[in-house]
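Have a look at the structure below before the remarks.
Readers should treat all values here as calculations from the given coordinates under stated rules, not as data from a laboratory. Keep in mind that this is a model prediction, so the values were computed, not measured. Here the Cβ positions follow ideal geometry from the backbone for every residue, glycine too, while neighbour counts run over all protein chains shown.
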Amino acid sequence: MEFAALWLLVRGIGALPRPLARAVGIGLGHLVRMLHSKLRRVGLRNLELAFPELPLAERGRILRGVYTSLGRQLAEFCLLPHLTLENAHDVIVYEGLEHYRAAQAQGRGVLFLTGHLGAWELSSFFHSLSGHPLLIVMRGLDNPLVNAFVNRIRTRHGNTTFDKDNYVRGLLAAMRRNESVGILMDTNMTPPQGVFVDFFGIPACTPGGLARIALHTDAVVVPGFALWDASIGKFKMTFAPRLEMVRTGDPEVDVVVNTQRCTAVIEHFIRQYPDQWLWVHRRWKTRPGGSPPLY
């Protein structure tokens, strides 16, 4: 039933003209907002933690924007099979591509630092369509039929996915081949895979794998996000300058320091586009020892 519903959704929305598809996707996003009170509560709690200075009405406005962003991404995901080199730039354009190209030219592999901000599914698809396939670290979906269906779309133009629970060997090999690996680095983790760093001033258990791999292989870390720009009515696939790794001589300290630096970059972009981040995820669920729960 879950697979059939997704297949019908992708086929149905994907058959619509893009403006109508986006309208339908955004409508579905807000339907979820109205029906799923638990997600609303988590979103408002996260916004209270991150932006205590904002009035409740402003936090509510940001949260409504999150559902608009998710609905827009749903529509774009359904339309991915129709995205081609000829029509892609009506939907998304590059900004700062020279940062990615300079990183790739180093020949040491590229770690594409990103998060659940903007249209992360569109970003990897567009990048591969443009001749830059990625290896994508992800958690497999619980339903194997749904997982296979989604992955067929994600990998249509050369992307490869591998599970985050078995990725170290694959990452090391990818860096040796000067490939690019996309890592979503803004989800709650548990030790020892996660290390505590500040995120909006609150300790957050954060994936430490990117920092470990970068320090071990000397791969180049480049932040990138596909952000909706209402002024042009398109997404901007935005790459920031490479993030230099700090080496103190203590490997474990280095992992924490550099994970903090990566997290600070993600926070910087979220602060610019707060209504495009996934506030409905319990980002601060794992707490340092002895700390009270936040949810």
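Key figures
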read-out: Scattering curve values for the stretch 210-277, log₁₀ I(q)/I(0), Debye with Cα scatterers, q = 0.12, 0.22, 0.28 Å⁻¹; value: -0.39, -0.92, -1.23
read-out: Anchor residue 236: aspartates and glutamates whose Cα lies under 19 Å away (excluding residues fewer than 8 positions away in-chain); value: 76, 86, 90, 95, 98, 121, 267, 275
read-out: Cβ-derived FRET efficiency at R0 35 Å, residue 176 paired with residue 16, nearest 0.05; value: 0.20
read-out: Fewest-first ranking of 7, 277, 120, using other Cβ atoms within 10 Å as the exposure measure; value: 7, 120, 277
read-out: Environment charge of residue 110, counting only residues whose C-beta is closer than 12 Å and scoring Lys/Arg +1, Asp/Glu -1; value: +2
read-out: Of the DSSP H helices in the chain, those whose Cα atoms cover at least 24 Å axially and whose Kyte score averages 0.5 or more; value: 18-35
read-out: About the Cα centre, charge dipole magnitude for the stretch 2-276 (Lys/Arg +1, Asp/Glu -1 at Cβ), debye; value: 580 debye
read-out: Within a Gaussian network of the chain (alpha carbon springs, distance under 10 Å), most fluctuating of 115, 43, 233; value: 233
read-out: Residue order, fewest to most surrounding Cβ atoms within 10 angstrom, among 45, 156, 177, 72; value: 177, 156, 45, 72
read-out: Sorted by Cβ density within 10 Å, fewest first, the residues 13, 136; value: 13, 136
read-out: Mean separation of Cα contacts under 8 Å, 6 or more apart, over the residue count of the chain: relative contact order %; value: 24 percent
read-out: Calculated log₁₀ intensity ratio I(q)/I(0) where the Debye formula runs over C-alpha points of the chain, q = 0.12 Å⁻¹; value: -0.80
